Amino acid sequence: MTTGMHKVLIVGGGTAGISVAARLLRKGHTDVAVIEPSEVHYYQPLWTLVGGGQAKASTTARAEAS
């Protein structure tokens, strides 16, 4: 884990947090940090297919760091 100071800190690495971080970076802000306590992200739209038996639950999980 890195400790330090940042100009912009975004709490939450979900869709909104990542989208805001990307927009800030495109606008030229270079000191943006995102904190997210979860180690695994579950792609929820795929859960519809899991419920229907067309996909496995394990395919919805990705490492948050990636």
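The values are calculated or read from the model by the stated rules, or taken from the named source; none is laboratory data. Given the structure is predicted, the values throughout are model-derived calculations rather than measurements. Neighbour counts run over all protein chains shown; Cβ positions are idealised from the backbone, glycine included.
Can you pull out every residue in region 1-22 that is assigned to a loop (DSSP other than H, G, I, E, B) and either closer than 26 Å to A61 by Cβ or in the same structural domain as K56 (by TED's automatic domain parsing) (or both)?
Passing the criteria: M1, T2, G12, G13, G14.
Which count do you get for residues in region 27-66 that are among the small types (G, A, S) and in contact (Cβ under 8 Å) with a residue 24 or more places away in the chain? Show your work before the answer.
As a first pass, look at region 27-66 and keep what is among the small types (G, A, S): 28, 33, 38, 51-53, 55, 57-58, 61, 63, 65-66.
Filter once more, so that each one left must be in contact (Cβ under 8 Å) with a residue 24 or more places away in the chain: 33, 38, 63, 65.
Summing the residues that are among the small types (G, A, S) and in contact (Cβ under 8 Å) with a residue 24 or more places away in the chain in region 27-66 gives 4.
Residue check: is T30 surrounded by 11 or more Cβ atoms within 10 Å (Cβ to Cβ) and among the polar types (S, T, N, Q)? No: the conditions fail for T30. Does S38 meet the test of being modelled with pLDDT of 90 or more, loosely packed, with under 13 Cβ neighbours inside 10 Å, of a type outside the set (A, V, I, L, M, F, W, C) and within 10 Å of the chain's Cα centre (by Cα)? So S38 fails the test.
So for region 54-61 (the condition being under 24 Å from G4 (Cβ atoms), under 17 Å from the mean Cα position of the chain (by Cα) and either small (G, A, S) or surrounded by 12 or more Cβ atoms within 10 Å (Cβ to Cβ) (or both)), does at least one residue qualify?
Initial filter on region 54-61 (under 24 Å from G4 (Cβ atoms)): none.
For region 54-61, residues under 24 Å from G4 (Cβ atoms), under 17 Å from the mean Cα position of the chain (by Cα) and either small (G, A, S) or surrounded by 12 or more Cβ atoms within 10 Å (Cβ to Cβ) (or both): absent.
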